[in-house]
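In what follows, a single structure is set out as structure tokens and then discussed.
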Amino acid sequence: MSDQPLRVVVVGAGNMGRKWIAIAEESPAFDLVGVVDIFTDGARAAADGVGRTDVPVAASLEEILEQVETDAVANVTIPAAHFDVTRAALARGLHVVSEKPAAATLAESLALAAASEVHDRLFVVSQSRRHNSQLHELKKQISAFGRVGIATTEFFKAPHFGGFRDEMEHPLLVDMAIHPFDSARFVLDADPVAVYCEEYNPAWSWYRGDAAATAIFEMTGGVRYIYTGSWASPGVETSWNGSWRVSGEGGSAIWNGDDRPQSEPAVAGESEALRYGGVSESLHSFVGAVHTGSSCSGAVHENILSLAMVEAAVISAQRGQRVRIDDVLEDARADAIAATVERGDEAVRAALDAWGNAGTHLRSRAARSAALDPAGA
Ligand SMILES: NC(=O)c1ccc[n+]([C@@H]2O[C@H](COP(=O)([O-])OP(=O)(O)OC[C@H]3O[C@@H](n4cnc5c(N)ncnc54)[C@H](O)[C@@H]3O)[C@@H](O)[C@H]2O)c1
């Protein structure tokens, strides 16, 4: 375990990028060595904002790498830019920690997972809402109830973001629902098997794409996870984590997403405080994994199963049919292979070929990671 701070270039200096820069600058675990944004004024303002007028900025990763040496790249760009930035960083032999989603599409994400294997670098996706001590307590409570059969999340909010979300085709499913889907996998200790989803846009919605959806997932073990959400629902709004109910053989637990969960029968025990929580927990577990060579929560092979829930839900809604997650993953692997052939990326194509079935490969890599990171947080 190295006690040297991890040198990091932050790419993307928007809302989240500025938060990541603040965390990196405050923590002795990181050495912020550069900031990149296509708008260099924004990159400069972000570095200056944490008192780092000395940190170089640039408009692209390639440009900054001509000026500084780094161990890792933090990718906090918009989803459409995730693939190019992460791919370039891995190809330069750098570890990557990225905002969710791993990439804009499942096919791109699979290619990045294969690239992380080819270049033998860590690629970790920060799924910050998983690092919530109340969610961990919910998981602990329901583990006292024996077999679990049903979990639901209701999410109703009315944010006016402006920017990329207002123009996305599937703003709720693609930009937001990945959080509860990922949390459901964590709480239930289960992976997705199939989904039926309807996606729609309320008549008054201010989003171009569909801002509401209802999805029924079959998870491993026959558990059903039901998500209903809307980003165009003013009044009596839920928390940003949504409102949860998990029903098991010996009892149920509910969580409003803001306060400690409650269960009946009551399960004794204090909430376990996480060391950092949220994005900071993601970033520090990434540093730990780089230093020790172990895995951590959000490692791309595991995280892709949450993104697969998103893409399968979108496909189900488009087709009006229940779809199997492994079929969606295999279609995405074929698309990823076709794209790597077009790009002439022979090593990544060969890795994707060697996977055999994508779902089987991801789950077996995820199981190996879980064995290396028993905390799973
Ligand atoms: N975990 C969470 O709770 C959470 C919350 C909000 C956003 N996010 C995620 O964070 C990411 C960023 O979202 P945001 O709200 O900060 O968006 P934003 O639009 O505020 O910032 C994105 C920044 O990336 C820059 N950028 C775009 N393409 C680039 C490229 N190729 N190279 C360098 N810079 C580039 C833009 O100029 C912009 O400054 C998204 O993936 C989003 O899904 C996560």
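The values are calculated or read from the model by the stated rules, or taken from the named source; none is laboratory data. Computed from a prediction, not measured in an experiment: that's the story for all the values here. Neighbour counts run over all protein chains shown; Cβ positions are idealised from the backbone, glycine included.
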Candidate set: region 68-97, residues that are among the small types (G, A, S) and at pLDDT 95 or above; chosen: the one farthest from the ligand (Cβ to nearest atom): G93
So T340 clears everything in (1) over 17 Å from C197 (Cα atoms); (2) free of Cβ contacts under 8 Å to residues at least 40 places away in the same chain except one condition, right? Which one? (2)
Among the residues of region 259-282, what is the count of those that are without any contact (Cβ under 8 Å) to a residue 60 or more places away in the chain and in a loop (DSSP other than H, G, I, E, B)? 5
So how many residues does region 13-31 have that are closer than 14 Å to A72 by Cα and within 16 Å of the ligand (Cβ to nearest atom)? 3
Out of everything in region 254-286 that is modelled with pLDDT of 95 or more and among the aliphatic types (A, V, I, L, M), what residue ends up being nearest to M16 (Cα to Cα)? L283
Out of the residues in region 45-67 that are of a type in the set (D, E, K, R) and part of a helix (DSSP H, G or I), state the one that is farthest from the ligand (Cβ to nearest atom). D48
Answer yes or no: is there a residue in region 154-175 that is outside the structural domain of A213 (by TED's automatic domain parsing), within 30 Å of R260 (Cα to Cα) and in contact (Cβ under 8 Å) with a residue 12 or more places away in the chain. no
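Filtering region 32-44 down to residues that are outside any helix (DSSP H, G or I) and within 8 Å of the ligand (Cβ to nearest atom), which residue is farthest from the chain's Cα centre (by Cα)?
Here the residue is F39.
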Any residue that is in a loop (DSSP other than H, G, I, E, B), small (G, A, S) and at pLDDT 95 or above - is there at least one of those in region 313-322? yes
